[in-house]
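The structure under discussion appears below in the form of structure tokens.
The values are calculated or read from the model by the stated rules, or taken from the named source; none is laboratory data. From a predicted model like this one, the values you see are computed outputs, not experimental measurements. All Cβ positions, even for glycine, are placed from backbone atoms using ideal geometry, and neighbour counts span all protein chains on display.
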Amino acid sequence: MSSPPVPLGLDPDAAPAVSRARAIPTDLAARLRAALPEEAVLTEEGDRGAYLIEERSLYRGEAPIVLRPGTTEEVATAVRICAEAGVAIVPQGGNTGLVGGTVSAAHEVLLSLGRMNRIEEVDPLNFTMTVQAGCILANIQAAAEAAGRLFPLSLGAQGSAQIGGNLASNAGGINVLRYGNARELTLGLEVVLADGRVWNGLRALHKDNTGYALKHLFIGSEGTLGIITRAVLKLFPPLTDRQVAFCALRDPADALALLSMARDRAGEAVTAFEIVSGFALEIVTRHAGGQDPMAERHPWYALIELAGSGESGALRPVLESVLERAFEAEVVADAAIADSLERAATLWRLREGIPEAQKRAGGSIKHDVSVPVSRIPAFLERAGTAVTAALPGVHVCAFGHLGDGNIHYNLSQPEGMEKAVFLARWEEMNGIVHDIVADLGGSISAEHGIGLLKARELLRYKDPVELDLMRRVRATLDPRHLLNPGKMFGLV
Ligand SMILES: Cc1cc2nc3c(=O)[nH]c(=O)nc-3n(C[C@H](O)[C@H](O)[C@H](O)COP(=O)(O)OP(=O)(O)OC[C@H]3O[C@@H](n4cnc5c(N)ncnc54)[C@H](O)[C@@H]3O)c2cc1C
């Protein structure tokens, strides 16, 4: 058996082993070629390269065969042939996941859904659309808009991420506060199972209580239970009014108070509520072209968006009255309200430019965590104290979806410290932050999933009974561990 994928940025000894499947039989490529169209089987190094890259360069994929089926039947055929040969398959969507979930070993086959990219039906009256798994998220949003509807899943990688990957990782993004995660946006699924059978659960029903909701097993399963090939998604009325404000705050407790005031006054209209630390804003203005909308610097900021389907501008007085109350209560120190959609986009870029700015600012150690919304101030206080004590001079670059309790708790390297020396502290910092998260009843992965990167941490923090149940589900649906082995559970 060949070695597992090598993590380039982390300690190689810390990399979880990825599979116990046996090596690829020499005739596998020929068998796949005989059953699938020519363009669906790639074996040349130059053709496979793009599928083996991992966004953060933490790992390197090695699959000698990349499959690009164009239909559900072709996915099923590929899975059957690989299952007969005892060869594991790594499903891949847009490859924008950030936890090594699509990294393949040299004894595995990678299966990309990219050719299954058709929007099959938009039903504006049922408020649904039926799509193939390889549809790019941005194209789905555009198709919904063209039909006078909204598909609200929205995230930074939407120009490349595919809906199959969004569902397999139960993606979150900026609108979870109002519309929920990918899970809440899915009515039906079609899935190719580990033995090549096709489960047709592609129902466009808003109500269906005929037994177990199997779709929820596959959503968030990161390719370990089945390969999602098609989905029925929920649509919503279009948003005709958007109001955005960027507010300066003293501390995260003020952010929480502002969120509460906004929800009390504007209810469901609060679609997004993001928090940005002073350090995060500073690096966006320094490295990513952001312009500070305030006259002076503040310790924390919040971006708040109200949106509705009513007359354009109708929510402006609502936003103003929220901010008036917040000023009176001394919750907000300063605020900039966007007076146009262009200005709103500029304010959003202050939030969305943070990951890029962090990259340019040097090394960063990342955490994608959630705690109950009311505990965010306690989390930020405790984590800040603990990481600074362990690594004096470290910069806390915290930002994220405060409205749903999800903080991207990133750390930037201290001035004068070598990047490699800083990154060598990755696991130690993870341990410090995740222990606090666990103590506050939170999750060590709010959005991005487990993949390879957090497989060992899952074993550490997940309730043992829950882990046992997860393993039993896996053993039922994929007893030979031929779907994305090593991801989520590590080597089992
Ligand atoms: C700049 C940037 C911003 C991001 N912002 C967010 C954010 O706000 N919220 C968020 O949740 N995530 C975010 N992400 C992470 C990532 O975009 C999401 O996890 C996204 O849902 C992954 O989709 P993908 O198609 O790229 O999946 P991939 O990376 O290709 O795969 C992700 C996992 O799903 C499995 N998989 C993929 N397709 C299928 C399928 N059809 N059937 C079964 N398994 C499959 C893979 O094996 C892998 O385990 C961001 C990433 C970047 C780079």
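Answer yes or no: is there a residue in the range 288-299 that is within 25 Å of Val396 (Cα to Cα), in contact with a strand residue (DSSP E or B) (Cβ under 7 Å, 6 or more places away or on another chain) and of a type in the set (Asp, Glu). Scanning the range 288-299, I find no residue that is within 25 Å of Val396 (Cα to Cα), in contact with a strand residue (DSSP E or B) (Cβ under 7 Å, 6 or more places away or on another chain) and of a type in the set (Asp, Glu), so the answer is no. Residue-level check: of (1) under 30 Å from Ser321 (Cα atoms); (2) in contact with a Lys or Arg (Cβ under 9 Å, 6 or more places away or on another chain), Ala245 misses just (2).
Rundown of residues vs (1) assigned to a loop (DSSP other than H, G, I, E, B); (2) small (Gly, Ala, Ser); (3) touching a Ser or Thr at 6+ places or on another chain (Cβ under 6 Å); (4) modelled with pLDDT under 95, yes/no style:
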| position | (1), (2), (3), (4) |
| --- | --- |
| Ala83 | no, yes, no, no |
| Pro91 | no, no, no, no |
| Asn95 | yes, no, yes, no |
| Thr102 | yes, no, no, no |
| Leu111 | no, no, no, no |
| Gly114 | yes, yes, no, no |
| Val122 | no, no, no, no |
| Leu125 | yes, no, no, no |
| Met129 | no, no, no, no |
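Cβ separations smaller than 9 Å between residues 6+ apart or across chains give the following pairs from the range 91-113 residues that are near the ligand (Cβ under 6 Å from one of its atoms) to residues that are among the basic types (Lys, Arg): Leu98/Arg56; Leu98/Lys366; Gly101/Lys487; Thr102/Lys487; Leu113/Arg68. So is Ile163 in contact (Cβ under 8 Å) with a residue 24 or more places away in the chain, closer than 21 Å to Pro124 by Cβ and near the ligand (Cβ under 8 Å from one of its atoms) or not? So Ile163 passes the test.
Against the condition more than 26 Å from Gly100 (Cα to Cα) and in a loop (DSSP other than H, G, I, E, B), how does Val331 come out, does it pass? Here the answer is yes, as Val331 does meet what is asked.
Yes/no matrix, rows are residues, columns are (1) without any contact (Cβ under 8 Å) to a residue 40 or more places away in the chain; (2) part of a loop (DSSP other than H, G, I, E, B); (3) within 16 Å of the ligand (Cβ to nearest atom):
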position	(1), (2), (3)
Ala143	yes, no, no
Asn170	no, yes, yes
Gly173	no, yes, yes
Gly196	no, yes, yes
Ala213	yes, yes, no
Ser221	no, yes, yes
Leu233	no, no, yes
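Could you say whether any residue in the range 458-480 is touching a strand residue (DSSP E or B) at 6+ places or on another chain (Cβ under 7 Å), buried (at least 20 other Cβ atoms within 10 Å of the Cβ) and not assigned by TED's automatic domain parsing to the domain that holds Leu281? Looking through the range 458-480, none of the residues is touching a strand residue (DSSP E or B) at 6+ places or on another chain (Cβ under 7 Å), buried (at least 20 other Cβ atoms within 10 Å of the Cβ) and not assigned by TED's automatic domain parsing to the domain that holds Leu281.
Whether any residue in the range 386-396 is surrounded by 24 or more Cβ atoms within 10 Å (Cβ to Cβ) and either touching a helix residue (DSSP H, G or I) at 6+ places or on another chain (Cβ under 8 Å) or among the basic types (Lys, Arg) (or both) is what I want to check. No, because not a single residue in the range 386-396 is surrounded by 24 or more Cβ atoms within 10 Å (Cβ to Cβ) and either touching a helix residue (DSSP H, G or I) at 6+ places or on another chain (Cβ under 8 Å) or among the basic types (Lys, Arg) (or both). Pairs are defined by a Cβ separation below 9 Å, a sequence spacing of at least 6 or placement on different chains, a first member in the range 318-329 that is assigned by TED's automatic domain parsing to the domain that holds Arg263, and a second member that is at pLDDT below 95 and of a type outside the set (A, V, I, L, M); no pair meets this definition.
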